[in-house]
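Data block below; observations after.
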Amino acid sequence: MEDERFCYVCGCVLREEEQTEIDGELICDSCAEEQTVQCDHCLDRIWLSDAISDGRMHLCESCYDDHYRRCECCGRILHDDDVVWYNDYPYCESCYDRLDVEIEEYSYKPDSIFYGDGKRFFGVELEIDGAGKDPENASRIKRQTNVRCEHIYCKSDGSLDDGFEIVTHPMTLDYHMSCMYWADILQEAIHMGYRSHMTNTCGLHVHVNRNAFGETPEEQEKVIERILFFTELHWNELFTFSRRSPHSMNRWAARYGIEKTGKAILDKAKKGNVGRYAAINLCPYKTVEFRLFRGTLKLNTLFATLQLVNKICDVALFMSEEEIARQSWRDFVMTITEPELLQYLKERRLYINEEIETEDDV
């Protein structure tokens, strides 16, 4: 028949009382029910494939752009009037209430929990960036290790563009290497889109407890003098090891400068204005912080960094300043047996000048 009309979708003959117009096309009621939806804001009917939805609400693109946002954490669609803003990110009220639980303020400092048997403990601060200061992401990372006990917590850091800082409780080197879930943490961070080495913002900081250097403040200070002396004596090699740029090193981990003795360097550190942004930060009361290193999500690089800090502490504890002065970098690296550290030194051409196969840092 001449007046027959057909459904734009399925091609069936349309009866006058059973047809809906979408974008100038007529469709049958069955197709309208299956393939269209009503915008919850303007009430216009739109194609389901064009709708912006969170499974609870359906919106046309125009209404969404003009009046709505998605929660940065859970993805729920929110009217502008219901958004809670935090650091320029939109959150629903429920996720906003959890922010302080999953990502602590920068000043947050819980009571330390010590893991492993020994006297020397390492606390790691690893900055990650690029995939959001997101409480749900922080929760996912913490779930990699905090199932039975609290190994890590996450903190805000104003130096990061779009991320946060992962902080461990103090652990022995053996615990970090054998018991800590570093592989799972780093893999999860990469999976969510975070980067550390491949940013201009991230550092890897290692704290060592001062009482591992001696029973009295005087004994501890003598060891710290030798740490500073070793660091300045081998600054060029440590700079190469760090993976930092000159600008980044000067901004976040400045050197004190070489002197004839470690005591002279320590005196300069005490009088200087570098503050906590020093390669070896002496501001913490209970720890010495090694701030030289660029961030990383590569497991071998992380382990090698911890092993290097441990070796520097060994040198400062068991060698005199005169012995350190006579020891070349070659002499130092020839004492290293740890496979992760050896691999990294070879990658950076700090062990022997041979080409080896390497993987990119992240």
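The values are calculated or read from the model by the stated rules, or taken from the named source; none is laboratory data. Keep in mind that what you see is a predicted model, and the values were worked out from it rather than measured. Here Cβ is always computed from backbone atoms with ideal geometry, including for glycine, and neighbour counts include all displayed protein chains. Just so you know, the surface numbers come from the protein's heavy atoms only, side chains and all, with ligands and any DNA or RNA stripped out. Shrake-Rupley method; radii C 1.70, N 1.55, O 1.52, S 1.80 Å.
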### Message
Please compute the modelled spin-label separation between Y277 and E150, points set 7 Å along Cα→Cβ, answer in nm with one decimal.
### Response
3.1 nm
### Task
Take peptides 203-215, 103-115, 178-190, 22-34 and line them up by average Cβ neighbours within 10 Å, highest first, as a rough protection proxy.
203-215, 178-190, 22-34, 103-115
### Task
Can you figure out the FRET efficiency of Q35 with S139, using R₀ = 30 Å and their beta-carbon distance, to the nearest 0.05?
0.20
### Message
So if each residue of separation counts as 0.36 nm, and I subtract the Cα-Cα distance between C12 and F114, what length gain in nm does that give?
### Response
29.5 nm
### Message
What number do you get for the range 305-358 when its Cα radius of gyration is normalised by 2.2 N^0.38 Å, N = residues?
### Response
1.20
### Task
May I ask for the Kirkwood hydrodynamic radius of the range 215-260, worked out over all distinct Cα pairs and given in angstroms to one decimal?
11.8 Å
### Task
Give me the net charge of D50's neighbourhood, meaning all other residues with Cβ under 12 Å from the Cβ of D50; Lys, Arg count +1, Asp, Glu -1.
-2
#### Entry: For C12, residues with placed amide H under 5 Å, excluding near neighbours
C7
### Query
Highest mean first, what order results for 163-169, 328-334 on Cβ atoms within 10 Å?
163-169, 328-334
### Message
Checking a compactness column here: for the range 1-116, what do you get for Rg(Cα) / (2.2 N^0.38 Å), N being the number of residues?
### Response
1.73
### Query
Once Rh for the range 220-321 is found with the Kirkwood sum over Cα pairs, what is the Stokes-Einstein diffusion coefficient at 20 °C and 1.002 mPa s, in µm²/s?
155 µm²/s
### Query
Long-range amide H contacts for H58: which residues qualify at under 5 Å (H placed 1.01 Å from N, peptide plane, sequence gap of 5 or more or a different chain)?
D40
## Note on the structure
Excluding ligands, DNA and RNA, the carbon-plus-sulfur percentage of the accessible area of the chain with a 1.4 Å probe reads 45 percent
### Query
What does the charge count near H207 come to, summing +1 for each Lys or Arg and -1 for each Asp or Glu among other residues with Cβ under 9 Å from its Cβ?
-1
### Query
How much net charge surrounds E338 when only the other residues with a Cβ under 13 Å from the Cβ of E338 are counted, with Lys and Arg +1 and Asp and Glu -1?
-1
### Task
Report, in deg cm²/dmol and to the nearest 500, the calculated mean residue ellipticity at 222 nm for the chain, where each DSSP H run with n ≥ 4 adds -39500 (n - 2.57) and the sum is divided by the residue count.
-10500 deg cm²/dmol
### Query
How large is ³J(HN,Hα), in whole Hz, for each residue of the range 163-170 in order, when computed from phi with the Karplus curve 6.51 cos²θ - 1.76 cosθ + 1.60 and θ = phi - 60°, using x for Gly and Pro?
x, 7, 10, 9, 10, 9, 6, x
### Message
Give me the one-decimal Kirkwood hydrodynamic radius in Å for the chain, with the sum taken over alpha-carbon pairs.
### Response
24.1 Å
### Query
When ranked by the protection proxy of mean other Cβ atoms within 10 Å per residue, highest first, what sequence do the peptides 305-313, 269-277 form?
305-313, 269-277
